[in-house]
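Bear in mind that the values in this text are calculations on the coordinates, not laboratory data. Everything numeric in this text was worked out from a predicted model, so none of it was measured. Virtual Cβ from ideal backbone geometry, glycine too; neighbours counted across all protein chains shown.
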């Protein structure tokens, strides 16, 4: 319980400090406070001044952030001035699409990663190891935006991009971990006694590698969310990533701050859950 309390305190502190830092960075970004509607030649001087006055309410970072935290405590996440809708409605509409993309990408990425890593580690075939290493090396060299553009041009399912980003990282880590675990003395002894490869893997290799794989699972969630932003923006998927891109273009402080909070909270919860599960498994 004490460790759980420490994780909760860490999450709360990180959210508060991360949100303040995000608001500060947006506040001092070039062009902050300039509304595109000011460029409309049909607007009068009084109308333009009214727009500027409405934007000045966000100019002081500390007062804005204090107002934001107060509203969040009452369930109010603010109003998006670029999309002209409450932030809570935008997030509730877009989040299911992103969760679907991230969930599918994680499942497929882990299946591919382990499907390559387990045979390489257990068979120790240099040809299979070389082939998998070249494939994952190529994928690691390609940024998420480049993969998204390639899938967009080929009209392939865009959600598979996240799986191809997760796959090489899962494979590299799992392969090294399983090879190291398969070389432990008790595993070599089990092999020498004539136990089958599947039994050795399930009873001797996997229990030792399990806690580290759980830790990797938590990290992969944050990697998937980070990859979803350029993928959804470039492939026009109506998720959080596309919403973040529109908020950044419009310098929508309320929307950007909430999206930063959401991604931060999801990442911290995933990492903390994986850490607690790994410690429990190791114990």
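Packing around the peptides 191-201, 110-120, taken as the average count of other Cβ atoms within 10 Å per residue, puts them in this order, highest first: 110-120, 191-201. Shape class for the stretch 225-269: oblate, because the ratio a/c of the largest to smallest gyration tensor axis (alpha-carbon atoms, square roots of eigenvalues) is 1.5 or more and b/c is at least a/b. Between residue 192 and residue 93, the distance separating the two model label sites (each 7 Å from Cα on the Cα→Cβ line) works out to 6.7 nm.
Computed from the C-beta positions of residue 12 and residue 46 and an R0 of 41 Å, the FRET efficiency is 0.40 to the nearest 0.05.
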